[in-house]
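The values are calculated or read from the model by the stated rules, or taken from the named source; none is laboratory data. Not measured: the values here are computed from a predicted model. Quick reminder, even Gly has a Cβ in these numbers, built from the backbone with ideal geometry, and neighbours come from all protein chains shown. Surface areas here come from the heavy atoms of the whole protein model, side chains and all, with no ligands, DNA or RNA. Shrake-Rupley method; radii C 1.70, N 1.55, O 1.52, S 1.80 Å.
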Amino acid sequence: MITIHINGELQQLADNQTLAELLVCKQVAPQSVAVVVNQAIIPRSEWSQYQCQADDQIEFFSAVAGG
Amino acid sequence: MLTIADHQFESRLFTGTGKFANSATMLASIAASGSELVTLAMKRIDFDMGLDDLLSPLQSRGVKLLPNTAGARNAKEAVFAAELAYQMLGTKWIKLEIHPDPKYLLPDPIETLNAAKVLCEKGFIVLPYIHADPVLCKRLEDVGCAAVMPLGSPIGSNQGLATEAFLKIIIEQSSVPVIVDAGIGAPSQACRAMEMGADAVLVNTAIASSANPILMAQCFQQAVQSGRKAYKAGLGTVSLNANNTSPLTGFLATDKVL
């Protein structure tokens, strides 16, 4: 198990879990989010390859209403 | 037909999606407005709040999405936000807005110009929200912005076209479309902006905060259409003196008062 931060909250994850798997786990619709890991944007094409590391700061962003 | 970058719009009313009581009202209001371009913001997902699918109904309506960089306090953050929006939505269109001061939300012109230069070089279609500064508008045009979005008055204030004199100069000088953004609080003000020759207006609060947003959206649609037609028809000259519209001689008496 490793510990990561998701949008500021601590979370335990199984080893070798990918960003794509994490999105499924968090029930986030993948077509409308952007993912930032340690302040770097991870392109959609890399979500299934990127394996979460201990202490990663992972942020999920989505579109919201705005002017 | 209004063309921005390579995209054509039949409607010259753009709308924001913020401040509506609920998504259904927002979607119905956008439909009633006839808007073909809507703005969106971005934020970190709050997993406790649940996820509201804003995008699917907008995409199914076929409106073009214009994500904004609201929340960015400098050029670096705005560029990051634009890249985030590209990853999220697959669009390179970005409403560039950098307003570090939460009280008046006035845009930072220096950071905006710096960010616009970087984003244009990266191939973004940049629509910057700025003060009604004619010199800045030309500078933004020079670095490659697809349009300029000068404010009428502070965001969400409903104060109308406080910057009218400067908007006129911007409209006269601009080689790119001018979209009057922010502060338009009534259909008459949107109509006025269009009569002056603005290419489009962006309205959010005035519709969303109305007691009847859907009806108000229709009012704005008609006001924008009417203002555009008046601009094309050409307004009459304003003069200090009266100019009679009826003949004043040859009736009742010609040379003396009865």
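Observations on the model:
- Tallying residues that are in a loop (DSSP other than H, G, I, E, B), more than 14 Å from chain A (Cβ to nearest Cβ) and surrounded by fewer than 16 Cβ atoms within 10 Å (Cβ to Cβ) within the stretch B:6-30 yields 2.
- Elements of the type strands (runs of 3 or more DSSP E) sitting completely within chain A and holding at least 2 residues that are touching a residue at least 24 places away in the same chain (Cβ under 8 Å): these cover A:2-6, A:33-37, A:57-65.
- In the stretch B:76-115, residue most open to solvent (accessible area, probe 1.4 Å) [restricted to those that are in a helix (DSSP H, G or I) and more than 13 Å from every other protein chain (Cβ to nearest Cβ)]: B:ILE110
- Residues of the stretch A:8-26 that turn out to be more than 23 Å from B:LYS43 (Cα to Cα) and within 12 Å of the chain's Cα centre (by Cα), as a count: 2
- Taken over the stretch B:31-75, the residue count meeting the criterion of being open to solvent by 50 Å² or more (accessible area, probe 1.4 Å), more than 9 Å from chain A (Cβ to nearest Cβ) and within 19 Å of A:GLN31 (Cβ to Cβ) is 4.
- Within the stretch B:123-145, the set of residues being without any contact (Cβ under 8 Å) to a residue 24 or more places away in the chain and open to solvent by 60 Å² or more (accessible area, probe 1.4 Å) comprises B:VAL135, B:ASP142.
- For B:ALA70: the one exception among (1) farther than 19 Å from B:HIS7 by Cβ; (2) in contact (Cβ under 8 Å) with a residue 40 or more places away in the chain: (2)
- Test result for B:ALA200, open to solvent by less than 30 Å² (accessible area, probe 1.4 Å), over 24 Å from B:ALA146 (Cβ atoms), in contact with a Lys or Arg (Cβ under 9 Å, 6 or more places away or on another chain) and of a type in the set (A, V, I, L, M): no
- You will find that of B:GLY144, B:GLY156, the residue that is part of a loop (DSSP other than H, G, I, E, B) and away from chain A (no Cβ under 14 Å) is B:GLY144 and no other.
- Scanning the stretch A:11-61 for residues that are within 13 Å of chain B (Cβ to nearest Cβ), open to solvent by 60 Å² or more (accessible area, probe 1.4 Å) and out of contact with any helix residue (DSSP H, G or I) (no Cβ under 7 Å at 6 or more places or on another chain) turns up A:CYS25, A:GLN27, A:GLN31, A:GLN39, A:SER45, A:GLU46, A:GLN57.
- Among the residues examined, B:ARG192 qualifies as touching a Leu at 6+ places or on another chain (Cβ under 8 Å), in a helix (DSSP H, G or I) and modelled with pLDDT of 95 or more.
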